[in-house]
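The values are calculated or read from the model by the stated rules, or taken from the named source; none is laboratory data. These figures come from a predicted structure and were not determined experimentally. Methodologically, a virtual Cβ is constructed for each residue, glycine included, from the backbone with ideal geometry; neighbour enumeration extends over all protein chains shown.
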Amino acid sequence: MSVQVDDAEILRKFQDEKTRNEAFNLLLKKYQQKLYWHIRRMVIDHDDADDLIQDTFVKVWKNLPGFRSDAQLYTWMYRIATNECITFLNKKKQKKKNWHRLRRLKKHIITWKQLRPNLSNQQKWLH
């Protein structure tokens with residue numbers, strides 16, 4: 001669903017504390033779906049995209065008071081969404097690397113049983 005509200009009007013409403021929530025709701029209605037599909041193309045998974053769209057709009061909310069209008073509003077939000085995706089994908093890649101490292105390390109870990117295979121159960125408790 002596309003909302004036909006001018007970005008300048010949204011920004012004007014956002015500056016006034018009385019209409020800030022209304023402005024943000026207009027922003028969500030206007031751009032949420034478009035940004036969701038941008039994010040979804042980058043991360044593929046629906047649940048990840050849902051989390052990232054939320055993170056994106058949290059950042060938009062926090063940083064909108066400082067928006068300088070150097071770029072179009074959508075371009076600015078698109079960049080925030082892209083950066084959120086890149087950060088997410090880099091963390092995911094790092095977790096995968098760490099998991100593979102851990103699997104390789106597990107092959108080299110020697111257990112107590114391997115070191116002392118001939119101890120009885122009673123002797124194991126004493127050591």
### Summary
Reported set for the range 63-91 where residues are basic (K, R) and either in contact with a Phe, Trp or Tyr (Cβ under 8 Å, 6 or more places away or on another chain) or not in a helix (DSSP H, G or I) (or both) is R68
### Task
Output the qualifying pairs, or none if there are none: Cβ atoms under 7 angstrom, residues six or more apart or on different chains, first residue in the range 4-25 and surrounded by 13 or more Cβ atoms within 10 Å (Cβ to Cβ), second residue β-branched (V, I, T) and assigned to a helix (DSSP H, G or I).
A23/I10
### Message
Every residue in the range 48-70 that is surrounded by fewer than 17 Cβ atoms within 10 Å (Cβ to Cβ) and of a type in the set (S, T, Y), please.
### Response
S69
### Task
Would you confirm whether any residue within the range 13-30 is under 18 Å from the mean Cα position of the chain (by Cα), at pLDDT 95 or above and within 16 Å of M77 (Cα to Cα)?
yes
### Query
Could you list, in sequence order, the residues of the range 1-60 that are charged (D, E, K, R), assigned to a helix (DSSP H, G or I) and closer than 30 Å to K91 by Cα?
K29, K30, K34, R40, R41, D47, D48, D50, D51, D55, K59
### Message
Going by what's in this entry, would L105 be described as assigned to a helix (DSSP H, G or I), farther than 30 Å from L35 by Cα, modelled with pLDDT of 65 or more and not basic (K, R)?
### Response
yes
### Task
Could you grab me the full set of residues in the range 31-47 that are surrounded by 13 or more Cβ atoms within 10 Å (Cβ to Cβ) and of a type in the set (A, V, I, L, M)?
L35, I39, M42, V43
### Message
For the list (1) charged (D, E, K, R); (2) touching a His at 6+ places or on another chain (Cβ under 8 Å); (3) touching a residue at least 12 places away in the same chain (Cβ under 8 Å), I need the number of the one condition that R40 fails.
### Response
(3)
